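Worksheet: one structure, shown below.
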Amino acid sequence: GITDFYNELKMAAPTVVTSRNEYSESTLYDPLSLSADWLKQEVSTGTSIFAVAYEGGVVIGADSRTTSGPYIVNRVTDKLTKLTDHIFCCRSGSAADTQAIADVAAYRLSLDSVQQEEEPTVYAAAHIFKEMCYQYRDDLSAGIIVAGWDKKNGGQVYAIPIGGMLVKQKFAIGGSGSTYIYGYVDHNYHDNMTKEECIKFTRDGLALAMARDGSSGGVIRLAVITGEGVERILFQGDDVPRFFEG
């Protein structure tokens, strides 16, 4: 890996002259000390994530920018992670932490479905995330939204913010970009929204967050989850709404 590469460089590096007449005591040139800042920073999903429930299911969405400090390391990340055929999660925080948690949750849900001989509920999936995020709250940086559809309760949205709290909500937003759109969601959300209204609500909210938040950007990925399956929608380029940017 890159660490081994730097270690080899250090072993082969010459001593550094500290004065005209003498050398320092085995002072070696450290290439890592002069490397780009982003090599030392944790990779973060930066993020704006969004989910809203309606009578027939849920609509979830996210931007696609992954950052390492001020640098963009991936501009087309898929932050909508499949857990079962009808349950997804949206990830924000440390990319490594959230990917690991989602992998464990998907594995446990697959075992549950075999043992119970039916698909797990959305609440069961959210509870798995809550357990891990709370138990390892001092070590993880993970804000999760779990959303999906099950036969018992239809479309549901659960928020698991950093720290491991579990809250069922009619809609949920998260990530660094969410701080810019609380006014938008409070003003525009209403009960009994249709599927088309939920798609527009989610798309416009993410577009507003991406316009203001430097850690959010790229394309908008949506997923509509119902009892019939999952419909993926992509907004890119001119399809992403533009608002006042003065």
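The values are calculated or read from the model by the stated rules, or taken from the named source; none is laboratory data. Given the structure is predicted, the values throughout are model-derived calculations rather than measurements. With ideal geometry, Cβ positions are generated from the backbone for all residues, glycine too; neighbour counts draw on all protein chains shown. The area values use the complete protein model at the heavy-atom level, side chains included, leaving out ligands, DNA and RNA. Shrake-Rupley method; radii C 1.70, N 1.55, O 1.52, S 1.80 Å.
Criterion first (closer than 19 Å to LYS79 by Cα, open to solvent by 60 Å² or more (accessible area, probe 1.4 Å) and in a helix (DSSP H, G or I)) does THR179 satisfy it?
The answer is yes for THR179.
Identify the residue in the stretch 122-149 that is in a loop (DSSP other than H, G, I, E, B) and surrounded by fewer than 19 Cβ atoms within 10 Å (Cβ to Cβ) and, among all such residues, is nearest to the chain's Cα centre (by Cα).
SER141
Quick check on my filter: what residues within the stretch 103-121 are more than 24 Å from the chain's Cα centre (by Cα) and polar (S, T, N, Q)?
SER113, GLN115, GLN116
Can you name the residue in the stretch 67-102 that is over 30 Å from LYS152 (Cα atoms) and in contact with a helix residue (DSSP H, G or I) (Cβ under 6 Å, 6 or more places away or on another chain) and is also surrounded by the fewest Cβ atoms within 10 Å (Cβ to Cβ) among such residues?
The selected residue is TYR71.
Checking ILE199 against (1) open to solvent by 10 Å² or more (accessible area, probe 1.4 Å); (2) out of contact with any helix residue (DSSP H, G or I) (no Cβ under 8 Å at 6 or more places or on another chain); (3) not in a helix (DSSP H, G or I): exactly one of these is not met. Which one?
ILE199 satisfies all of (1) open to solvent by 10 Å² or more (accessible area, probe 1.4 Å); (2) out of contact with any helix residue (DSSP H, G or I) (no Cβ under 8 Å at 6 or more places or on another chain); (3) not in a helix (DSSP H, G or I) except (3).
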